[in-house]
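Asker: The structure's right below; bear with me while I get my questions together.
Throughout, read-outs are computed from the coordinates displayed, never taken from laboratory work. Computed from a predicted structure; not experimentally measured. So basically every Cβ, Gly included, is an ideal-geometry build from the backbone, and we count neighbours across all protein chains shown.
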Amino acid sequence: MAQAKIMENTSKLASYDAYFEMVQRRKKLPRNLQETLTDAFANIPVSSFPQVPGGKVIEIDAETSIGDAVKILSESNILSVPVKNPAAQNSLDWRERYLGVLDYSAIVLWVLEGAETAAAAISASSAAAAGVGAGTVGALGALALGATGPAAVAGLTVAAVGAAVAGGVAADRGAGKDAPTAADKLGEDFYKVILQEEPFKSTKVSSIIKSYRWAPFVPVAMDSSMLSVLLLLSKYRLRNVPVIERGSPYLTNFITQSAVVRGLVGCKGRDWFDCISAHPISELGLPYMSADEVISVRDDELILEAFKKMRDNNIGGLPIVEGPKKKIFGNVSIRDIRFLLLKPELFSNFRQLTVAGFMNTVASATHDATKAATPITCKLGSTLCTVIDTLASKLVHRIYVTAEDGDEVVGVITLRDVISCFIYEPPNFFDNYFGFSTQEMLGN
């Protein structure tokens, strides 16, 4: 088991190195400017970064039920949360105190992969509690999404499905999204219902540790450099970085990729940022991922295939394309699964549901046909400033790059790519900075 873990971590590190080496090869930012920026970020303390809203980082215990975890995420308007080890509450070592970071999408994937075929059960169920009532939901997941091994849960109910999904919708609303939410439709007694239903009633957060999109807990100190944060969020593929006081295991901040990109928007007017961001992305080597490397899905493919591709490639979204030239006309993300689960009638035809049919449902659920159908794109001639503005204002994690003379997908730019654009990793940076290797750092 230990040997297998070592091999897994070694493989991850190799992929991180390969990504960053590719970025450095394709990046066209002058080396001396990269060195200047890297040195500058190395001298900016993490303490200078804005605090999370309210000034307090939300945490949950590993023994928290899935239902309560969804409730906390929703009521706090957040999509991820650090998970504490209940067996180490008094420990002053963060490596013992925290088990990882739970992402909302991990719960959604657990719902899908742990269930058994839901079509007949949901379709036959009454619309009690606005469509979320008693009755066993059969399994969607193991077979449908290609999972192997025993099902994680055996009696997923309609209430349980609605719980995770509506929580995500509510969290999106808190982030500034403008669509009506499932939580509104489910009523004020929503959480009272799910806390009495299995498997949410008895299943703990600890049971889905290491599931899809589960992230390791890798903190930095308040006096650490912002360079360490930027490298963790880019090369090392973390979506968030916890911040602790040196010598203390307690969290003081929680920095996300999105927050950093929003921070870059605030750099407008500074010479270094304006100088770089005024360039067309093509002059900076973006997009780093070429057209043949972009993973996409056709509108006539099954929606299950889209979610499989996201799971298997550990990515959060795909462009929807048509024709041999991959003309883009939509986008589907892992969080869109909630719309699928919120429409019980879809389960009767679940295995035959195409991406196009699914996106029409999303448009109906959001009461905005353009929101679901219109992809967020830019051109090779777009400036980096425009791309950063779009990512920050639209609250998205990726923007698709299309050809100047049409809608053919020629690349994709993620939050990770934008952050990588400004920095490089000095030799042995983390070995020297943290005092232990990246393999140990990311293997907790």
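Asker: What length, rounded to one decimal in nm, is gained on full extension from Glu75 through to Met222, with 0.36 nm per residue of separation minus their alpha-carbon distance? Intermediate results must be reported in sequence, preceding the final value.
Answerer: Working: separation 147, 0.36 × 147 = 52.92 nm, distance 2.73 nm.
Fully extending the segment from Glu75 to Met222 adds 50.2 nm.
Asker: A follow-up question, please. How much length is gained on full extension from Glu322 to Glu301, taking 0.36 nm per residue of separation minus their Cα-Cα distance?
Answerer: Taking Glu322 through Glu301 to full extension adds about 6.5 nm, to one decimal.
Asker: Let me ask you something else. Extension gain Leu92-Glu21, at 0.36 nm per residue separation less the Cα-Cα distance, in nm? Don't skip to the end; give the middle numbers.
Answerer: Values: separation 71, 0.36 × 71 = 25.56 nm, distance 3.66 nm.
Full extension from Leu92 to Glu21 adds 21.9 nm.
Asker: Just list whichever of Lys28/Lys325; Lys71/Lys235; Lys56/Lys84; Lys56/Lys235 have alpha carbons separated by over 24 Å in the model shown.
Answerer: Numbers: Lys28/Lys325 27 Å; Lys71/Lys235 32 Å; Lys56/Lys84 15 Å; Lys56/Lys235 27 Å.
Violating the 24 Å Cα-Cα cut-off are Lys28/Lys325; Lys71/Lys235; Lys56/Lys235.
Asker: Over 26 Å between Cα atoms, which of Lys326/Lys394; Lys27/Lys379; Lys326/Lys379 qualify?
Answerer: Values: Lys326/Lys394 23 Å; Lys27/Lys379 17 Å; Lys326/Lys379 15 Å.
From the list (Lys326/Lys394; Lys27/Lys379; Lys326/Lys379), the Cα-Cα distance tops 26 Å for no pair.
Asker: Additional query: Highest first, please rank the peptides 421-429, 264-272 by the mean number of other Cβ atoms sitting within 10 Å of their residues.
Answerer: Numbers: 421-429: 17.9, 264-272: 12.2.
The peptides rank, most packed first, as 421-429, 264-272.
Asker: Quick one: net charge of Arg25's neighbours, Cβ under 13 Å, K/R +1, D/E -1? Don't skip to the answer; put the middle values down first.
Answerer: Numbers: positive: Arg26, Lys27, Lys28, Arg31; negative: Asp17, Glu21.
Taking every Cβ under 13 Å from that of Arg25, the sum is +2.
Asker: Check which residues have an amide H placed less than 5 Å from Ile255's amide H, if you skip close sequence neighbours.
Answerer: Val241, Val243
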